[in-house]
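The values are calculated or read from the model by the stated rules, or taken from the named source; none is laboratory data. Computed from a predicted structure; not experimentally measured. All Cβ positions, glycine included, derive from the backbone under ideal geometry; neighbour counts span all protein chains shown.
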Amino acid sequence: MLILVVEDEAEISRLIQLYLEKEGFSCQVCDNGEAALAYQQTLHPDLIILDLMLPKLDGLEVCARIRQSPGVKDPYILMLTARGEEIDRIIGLSTGADDYLIKPFSPRELVARVRALLRRSLRHSQDPPSQSYQTSHFTIDLERRTAQHQIADGITEWLDLTPLEFDLLSTFMSHPGRVWSRQHLIEKLWGEDFFGDERVVDTHIARLRKKIEPDSSQPTYIKTITGVGYRFEDEATTKARG
Ligand code: CA
């Protein structure tokens, strides 16, 4: 497991590296956005810890470029931000980050978040192969991690999803019609030791809706169940195989 740490404050990046290496992770550290993109291309890290305010390219831009680049491996991205620093944009819809942490944070919390994200990718690599889910409008291939949306009769498009959005959609598609509480989704997607904000679920749902709903303000597929959580509504055409 390789972690790329992108942080221009040497003190902080040294501390992060120290703690992650103590936990047995390999780290590559850099202090600006351009170097981060170069490392991403050559090293294919499993996870990137990305500071928001960076020289040259800021964290949001780096994040957007990584998500747009058709890479062999889409890394998990954990965004670091100072309190009050564009937090709305980070937890809003504009980035492809999987999680965020507000400075100052405790090294223990950072390590817990990193572990939670990486454990998810470990779980996926242990998924039995050749599983797929299909509903009337969506097909998802768990092995290739690809998703298709049938937008009209005979017209399908490939969905460009972040790892978390993909997991969210495949979780929904595994049980169409089932109601999921935020807490249940967190346990399923982040693991039981997640201690962030439940709002993070809403953020990812909103992003996923933007990508799959004809009108994301009036969702057809991902319905909000007031006071409970969410339900995916699309008719299942095949059961899970594999
Ligand atoms: Ca900074």
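Filtered by the rule that a residue be free of Cβ contacts under 8 Å to residues at least 60 places away in the same chain, part of a loop (DSSP other than H, G, I, E, B) and of a type in the set (D, E, K, R), the range 166-196 gives 178, 192.
Residues of the range 215-240 that are surrounded by fewer than 16 Cβ atoms within 10 Å (Cβ to Cβ), free of Cβ contacts under 8 Å to residues at least 12 places away in the same chain and over 17 Å from residue 179 (Cα atoms): 215, 217, 218, 239.
Go through the range 1-21 residue by residue and tally those that are within 16 Å of the ligand (Cβ to nearest atom) and either closer than 18 Å to residue 75 by Cβ or in a helix (DSSP H, G or I) (or both).
So in the range 1-21, the residues within 16 Å of the ligand (Cβ to nearest atom) come out as 4-17.
Filter once more, so that each one left must be either closer than 18 Å to residue 75 by Cβ or in a helix (DSSP H, G or I) (or both): 4-7, 10-17.
Residues meeting the conditions: 12.
Residue pairs whose Cβ atoms lie under 6 Å apart, separated by 6 or more positions or on different chains, with the first residue in the range 30-48 and at positive phi and the second modelled with pLDDT under 95, are 44/73. Scanning the range 148-191 for residues that are over 15 Å from the mean Cα position of the chain (by Cα) and among the acidic types (Asp, Glu) gives 153, 157. Condition check for residue 60 on (1) away from the ligand (no atom under 16 Å from the Cβ); (2) at pLDDT below 90; (3) within 15 Å of the chain's Cα centre (by Cα); (4) part of a helix (DSSP H, G or I): one failure, at (1).
Whenever a residue of the range 138-165 is over 23 Å from residue 203 (Cβ atoms), its partners that are in a loop (DSSP other than H, G, I, E, B) and among the hydroxyl-bearing types (Ser, Thr, Tyr), lying with C-beta atoms within less than 8 angstrom and at least six residues away or across chains, give the pairs 143/130; 150/136.
The rows are residues; the columns are (1) in a helix (DSSP H, G or I); (2) modelled with pLDDT of 85 or more.
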site	(1), (2)
84	no, no
95	no, no
105	no, yes
109	yes, yes
114	yes, yes
118	yes, yes
122	yes, no
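For residue 24, the conditions (1) over 23 Å from residue 106 (Cα atoms); (2) in a loop (DSSP other than H, G, I, E, B) are fulfilled apart from (1). Picking from residues in the range 23-51 that are among the charged types (D, E, K, R) and away from the ligand (no atom under 16 Å from the Cβ), the one that is nearest to residue 12 (Cα to Cα) is 23.
In the set (1) part of a helix (DSSP H, G or I); (2) within 14 Å of the ligand (Cβ to nearest atom), residue 54 fails one condition alone, (1).
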